[in-house]
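For reference, the structure is listed below as structure tokens.
The values are calculated or read from the model by the stated rules, or taken from the named source; none is laboratory data. None of these values were measured; they are calculated from a predicted model. All Cβ positions, even for glycine, are placed from backbone atoms using ideal geometry, and neighbour counts span all protein chains on display.
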Amino acid sequence: MRVSPATMSSIFPFNMKASFSVWLTLWASLFAPLAWAQTNRIDFPAASPTGVIRQQVGLTNFEIVYSRPSVKGREIFGQLQAYGSVWRTGANAATKVTFDTVVEFAGKRVQPGTYGLFSVPGEKTWTVILNQDSDQWGAFNYDAEKDVIRVEVPARRTDRSMETFTIWFNELRDETAVLNLTWENVTVEIPLTVDVQTQLVPQIEAVMRSGKEQRDYVYFQAAGFYFDHDLDLEKAAKWIDLALKQTPNAFWMLHLKAKIHAKLGNKTIAIGAATTSTKFAVAQEGSESGYKIMNDELLKNLK
């Protein structure tokens, strides 16, 4: 409703400046509490806070989003979480796992994507499940028909109790890792395998065939990858020499050269590279250098 100045004057028989002040006071008393209730809230601490873990394994990126309940003096497995029942593998919303390449999940091949991570705890083994439905609250609407894989993994008792449920990666290698589910005094280990060679070898070969000179660390990493994966060691020997041509006193590169030639059976070259590696390592890091220890071990096996 529109109010005319005359009407306002009849209601508030004083000057307009004072009238405006009264209107502000009236508005604040009537409408401010309602506006506050609509735009403000009280944030309380979550009983099971959300956790996000991101981990690269080889060339594969993992992300896991889950809520982390705590023991709080309760008995968890076999009591709060019954054996043989599907668990959301956390609290609140079901745990969500995402990876961007093909992964072998406890030996079973899974396409890249986002999945719900469910589990069925048992006394000695757990069934771990990847399910197509990654967006649901708890496991109340869990549908086994949407399972992508189900794997059986051992459940191991630990000496130290984990108060808050924790998902973590361990034993990281170029192509493998272990995904751990740990809570109370139980831990479950899920082996993961990713394919690095199929992605990386064509890239290495293309760069090396390009004819363009690369930085020393590119040659070094390529030689190291071929050595570690028992690929073409003659190429690895060539690449490590190209790296050392740029950085001749790099003791870590000389150590790799020694290992490559030891595996090729070229003992004389291997001994020379290991000896030179030790000389530069001691000069730069002192007599306690880790590379001196590794070279000493290598030389002992070559003689």
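Computed quantities for the displayed model
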{"item": "Residue in the stretch 156-174 that is in contact with a Gly (Cβ under 6 Å, 6 or more places away or on another chain), surrounded by fewer than 17 Cβ atoms within 10 Å (Cβ to Cβ) and of a type outside the set (Phe, Trp, Tyr) present", "result": "yes"}
{"item": "Residue within the stretch 286-297 that is without any contact (Cβ under 8 Å) to a residue 12 or more places away in the chain and closer than 27 Å to Gln214 by Cα present", "result": "no"}
{"item": "Unique match (being surrounded by 15 or more Cβ atoms within 10 Å (Cβ to Cβ) and of a type in the set (Gly, Ala, Ser)) among Ala206, Ala236", "result": "Ala236"}
{"item": "Any hit, the stretch 179-191, residues being part of a helix (DSSP H, G or I) and more than 21 Å from Gln111 (Cβ to Cβ)", "result": "no"}
{"item": "Some residue of the stretch 141-159 being in contact (Cβ under 8 Å) with a residue 12 or more places away in the chain, more than 24 Å from Asn92 (Cβ to Cβ) and assigned to a loop (DSSP other than H, G, I, E, B)", "result": "no"}
{"item": "Candidate set from the stretch 208-261 (those that are among the hydroxyl-bearing types (Ser, Thr, Tyr) and part of a helix (DSSP H, G or I)); member that is farthest from the chain's Cα centre (by Cα)", "result": "Tyr219"}
{"item": "Residues located in the stretch 41-89, provided they are assigned to a loop (DSSP other than H, G, I, E, B), farther than 24 Å from Thr193 by Cβ and small (Gly, Ala, Ser)", "result": "Ala46, Ala47, Ser48, Gly73, Gly78, Ala82, Gly84, Ser85"}
{"item": "Residue, farthest from the chain's Cα centre (by Cα), within the stretch 284-303, restricted to residues that are exposed (fewer than 10 other Cβ atoms within 10 Å of the Cβ) and part of a loop (DSSP other than H, G, I, E, B)", "result": "Lys303"}
{"item": "Complete set of residues in the stretch 104-126 that are part of a strand (DSSP E or B) and within 20 Å of Asn92 (Cα to Cα)", "result": "Thr114, Tyr115, Gly116, Leu117, Phe118, Ser119, Val120"}
{"item": "Test: residue in the stretch 25-42 that is among the charged types (D, E, K, R), at pLDDT below 95 and more than 45 Å from the chain's Cα centre (by Cα)", "result": "no"}
{"item": "Residue identified as in contact with a Ser or Thr (Cβ under 9 Å, 6 or more places away or on another chain) and either at positive phi or free of Cβ contacts under 8 Å to residues at least 60 places away in the same chain (or both) among His255, His229", "result": "His255"}
{"item": "Flag for Phe77 being assigned by TED's automatic domain parsing to the domain that holds Phe165, over 18 Å from the mean Cα position of the chain (by Cα), surrounded by fewer than 20 Cβ atoms within 10 Å (Cβ to Cβ) and not polar (S, T, N, Q)", "result": "yes"}
